[in-house]
Structure formats: structure tokens, C-alpha cells
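Have a look at the structure that comes next, please.
The values are calculated or read from the model by the stated rules, or taken from the named source; none is laboratory data. These numbers were taken from a predicted model, which means no experiment stands behind them. Cβ sites come from the backbone with ideal geometry, for glycine too, and all protein chains shown count toward neighbours.
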Amino acid sequence: MSFEQRSDPILLKIRKRQDITLEEKREFAFYINQMNRRVPHYRDAQGRRLPNAWAQLKEEVIEKFELTDSEEHQTLLAVIESKIASADYIAKTHLDTLANTKDSKVTDAIASLRWCFFVTTLEVGFITSDNPMYYSAGVGLLNPLSELCFPISTTVALVAARMEEWREGYHEASSQLVKDFNRRVAGRASKEVYFHRPEAWVQRILDKCA
């Protein structure tokens, strides 16, 4: 069973404003982490890291295989470097990373936050994007000031934090909270933002985040 299938009943409970168990919370934390890993933004970041990884590995390869400064060996190294930088290799590495991921410290960090689900109406609504998980990269997920946003549906959104006064459960979202949430989600979008109907204010948020 895929992680999406395992998370479907949890998503349904959240949309119905039902409490979830600690086990379900951890399963859904893994879902959020995987959704963050599969987006173009993550793949692009992984692609930027690959050349640095090769630069560190290159000397080990030269030593292990006793490569010399000969034209043949230098051509071989150039081919490897070119392949690592190719879009196909980056895409394959991205898919392999997703397929082989079982759990991580990021999942632990997400699960350890205090989860608040905020509810609004269809007339107001939360947006989502092609990069839906928001958190401040400069702060991370383990800092006392950490905060994470993740859209569940048009009317339900997760905001998780480490603040002790943060009360877990379901809460009515203020208009300001919805605006702040949507601004954060739009700011993390790679190319696309989604809403259940055309709205001029969605475009205005995108324009401000551009």
C-alpha cells in the first residue's frame, strides 16, 4: 500500500474535523514530508546539490580506479560529470530518492510540532500550489519559532508550531490567518497556484509574491 493510500482515511477524518491518533499523526507527517520531496522545488534543489556531491566524490573515484591525466581518463570523468548535471539523471535521482525513503528526521520534526487545523468557508478558502508545504528554511523545524503550513482542502488547513500556547485541534480561521496562510503558500509556489474557482485576489497574491 502506498503512502498516499495510507493517508487517504486520515485526510478524510481531518476534512470531517475528527480527531486523529498519534499513530495517524505520524503517518500523515510522513505524507507531508513526501509531498514536499516530490515537488519541482525539491527536485531543483537536489539538482543543485549533485555537482557539489560529485566534486567531493571525484577524488575518491580517481584514487580507487587509479585514473590518470590521460586523455582517455579525463574524457571519462567529463562524461560522468556531464551525466550528473543532466535533467534525466536529476529526475531519476529524484524518483529513486522518493522510492527508497522510509522515514527521516524531517518526519520526526513534523510529527513533534503542535498541530492546529484551521477551518474556513468556501467563500473565503485556502489555496494550494505545486509546492504546498511552507516552512521558514532559515528557522527550520526544530526551533522554538518553527511554523509549518500545509493545505488540506479549500476549507481546512494545517498550521503547526512549537509554541506552548498553541492549542491542538480544530479552530475557526480569522480572515487575517487565511490571508497570511495563502500568502505563505503562494510565496513557495514554483509555477502554479490552485483554487477551486477563478478569483482576482488569487492573482493579486501571486503578483505580490513575484
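Restricting attention to the stretch 148-194, report how many residues are within 19 Å of the chain's Cα centre (by Cα) and either touching a residue at least 24 places away in the same chain (Cβ under 8 Å) or part of a strand (DSSP E or B) (or both).
Number of matching residues: 28.
Just to be sure I understand the filter: pairs with C-beta atoms under 9 Å, separated by 6 or more residues or on different chains, first member in the stretch 4-17 and farther than 17 Å from His171 by Cβ, second member outside any helix (DSSP H, G or I). Which pairs pass?
Ile10/Ile20; Leu11/Ile152; Leu11/Ser153; Leu12/Gln18
Given the criteria in contact with a helix residue (DSSP H, G or I) (Cβ under 6 Å, 6 or more places away or on another chain), more than 20 Å from Ala173 (Cβ to Cβ) and part of a loop (DSSP other than H, G, I, E, B), does Leu145 qualify?
It is false that Leu145 is in contact with a helix residue (DSSP H, G or I) (Cβ under 6 Å, 6 or more places away or on another chain), more than 20 Å from Ala173 (Cβ to Cβ) and part of a loop (DSSP other than H, G, I, E, B).
Would you confirm whether any residue within the stretch 188-197 is acidic (Asp, Glu) and either buried (at least 17 other Cβ atoms within 10 Å of the Cβ) or more than 15 Å from Arg114 (Cβ to Cβ) (or both)?
Yes - at least one qualifying residue is present in the stretch 188-197.
Residue-by-condition table, conditions (1) farther than 17 Å from Leu206 by Cα; (2) touching a strand residue (DSSP E or B) at 6+ places or on another chain (Cβ under 6 Å):
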| residue | (1), (2) |
| --- | --- |
| Gly125 | no, no |
| Ser136 | yes, no |
| Gly140 | yes, no |
| Phe150 | yes, yes |
| Ser153 | yes, no |
| Met163 | yes, no |
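Sticking with this one: So, in the stretch 156-187, exactly how many residues are in contact with a helix residue (DSSP H, G or I) (Cβ under 7 Å, 6 or more places away or on another chain) and charged (D, E, K, R)?
Number satisfying all stated conditions: 1.
Output the residues belonging to the stretch 103-133 that are within 21 Å of Glu172 (Cα to Cα), charged (D, E, K, R) and not in a strand (DSSP E or B).
Answer for the stretch 103-133, where residues must be within 21 Å of Glu172 (Cα to Cα), charged (D, E, K, R) and not in a strand (DSSP E or B): just Glu123.
Let's see how each residue does on (1) at pLDDT 70 or above; (2) assigned by TED's automatic domain parsing to the domain that holds Val156; (3) exposed (fewer than 14 other Cβ atoms within 10 Å of the Cβ); (4) more than 22 Å from the chain's Cα centre (by Cα):
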position	(1), (2), (3), (4)
Arg6	yes, no, no, no
Leu12	yes, no, yes, no
Asp19	yes, no, yes, yes
Arg37	yes, no, no, no
Pro40	no, no, no, no
Glu59	yes, no, yes, yes
Tyr89	no, no, no, no
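If you check Leu145, Leu98, Leu67, which single one turns out to be at pLDDT 75 or above and not hydroxyl-bearing (Ser, Thr, Tyr)?
Exactly one of Leu145, Leu98, Leu67 is at pLDDT 75 or above and not hydroxyl-bearing (Ser, Thr, Tyr), namely Leu145.
Residues are listed down the side, and each one gets a yes or a no for (1) touching a Leu at 6+ places or on another chain (Cβ under 7 Å); (2) closer than 20 Å to Gln18 by Cα:
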residue: Val119; (1), (2): no, yes
residue: Phe150; (1), (2): yes, yes
residue: Lys179; (1), (2): no, no
residue: Arg183; (1), (2): no, no
